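Only one structure is covered here, and it is reproduced in the block below.
The values are calculated or read from the model by the stated rules, or taken from the named source; none is laboratory data. What you see is a predicted model, and the numbers here were worked out from it, not measured in a lab. Cβ atoms come from the backbone with ideal geometry, glycine included; neighbour counts cover every protein chain shown. All accessible areas refer to the heavy atoms of the entire protein, side chains included, with ligands and DNA or RNA removed. Shrake-Rupley method; radii C 1.70, N 1.55, O 1.52, S 1.80 Å.
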Amino acid sequence: MATPTPQSAPAGLRARKKQRTRDALIRAALELFTEQGYEATTIDEIAEAVDVSQRTYFRYFANKEEVAFAVQAMVEARFFDELSVRPVTEAPLTALRSAVMVAWDDIGSAIESVIPVELYMRAFRMIESTPALVAAHLRRSSELEEEMARLIARREGLDMDADPRPRVLVAAFGGVMRVAGQVWGEGQECTVASIRELTQSYLDHIGPAMEDDWRAR
């Protein structure tokens, strides 16, 4: 193993310190948002809870909305990383399903390195009950689905402007993911395993729900 040089060691320490500060700001913000409300919480209060200046806060986050969705953005990035490397032999829905399942296999430890999963659940509920954040969530979901559809179109060699299937598939997939998240957020079991299991169960129904004759059951 190479011995860190005098220049590289401080750089590594600085990076870890920055990550710790960022994580502390996320946790403090979500605790304050869930305890006293998103609108009632100020950036000054978040900074004060971590014992940093407002100026330091803005080095990490542009506004309150960005910190509110910071962990969700991390989850989404992990999913996209996995989706981008799924085998091209997989059917599109299989690739989406596999990517989200694999992502949930290791994202739990990543979430817990920043905040407790219980706080993640409380933050999810807070977002769902805060009008300003609901609007932001819908906007972010729309942007995310467009990006997903373009990725699927590229891997299938399709012109998304001429072929609606990538957008249709992603809209159905995104809807299932939102419903699974809402059901998990309303439940009592705040574990990554429970949201993974619930997501898998809901994805199992996406094909039959669109193709089967429900009345025949």
Fill in: Solvent exposure ordering (accessible area, 1.4 Å, most first) of ASP161, ASP106
ASP161, ASP106
Fill in: On Cα atoms only, tilt of 131-156 relative to the major axis of the chain in degrees
60
Worksheet entry | Relative pair counts by distance (%), Cα atoms of the chain, 5 Å bins | 1, 6, 12, 15, 17, 14, 12, 9, 6, 4, 1, 1, 0, 0, 0
Worksheet item: Looking only at GLN200, GLN188, GLN72, which one moves most when the chain is put into a Gaussian network model with springs between Cα atoms under 10 Å?
Response: GLN188
Fill in: Percent of C-alpha pairs per 5 Å bin, region 35-143, short to long
2, 10, 17, 19, 20, 15, 8, 5, 3, 2, 0
Worksheet item: How far is helix 192-204 tilted, in degrees, relative to the longest principal axis of the Cα atoms in the chain, given as a value from 0 to 90 rounded to the nearest 10?
Response: 20
Discussion item. If I fit a long axis through the Cα atoms of helix 92-112 and take the longest principal axis of the Cα atoms of the chain, what angle between them do I get, 0 to 90°, rounded to 10?
Written reply: 20
Worksheet, complete the sentence: Counting only protein heavy atoms and rolling a 1.4 Å probe, one gets per residue an accessible area for region 65-195 in Å² of 47
Practice prompt. Summarise the long-distance tail of P(r) for region 91-217 by giving the % of C-alpha pairs beyond 17 Å.
Written response: 64
Worksheet entry | Debye, to nearest 20: dipole size of the chain, +1 on Lys, Arg Cβ, -1 on Asp, Glu Cβ | 680
Worksheet entry | Phi-based couplings in Hz for region 13-28 (Karplus 6.51, -1.76, 1.60; Gly and Pro marked x) | 5, 5, 5, 5, 5, 4, 5, 5, 5, 4, 4, 5, 5, 4, 5, 4
Practice prompt. Select from LEU203, ILE107, GLY174 the residue farthest towards the positive end of the dipole of region 104-217; place +1 on Cβ of Lys and Arg, -1 on Cβ of Asp and Glu, and compute about the Cα centre.
Written response: GLY174
Worksheet item: What part of the accessible area of the chain, given as a whole %, is carbon or sulfur when the probe is 1.4 angstrom?
Response: 54
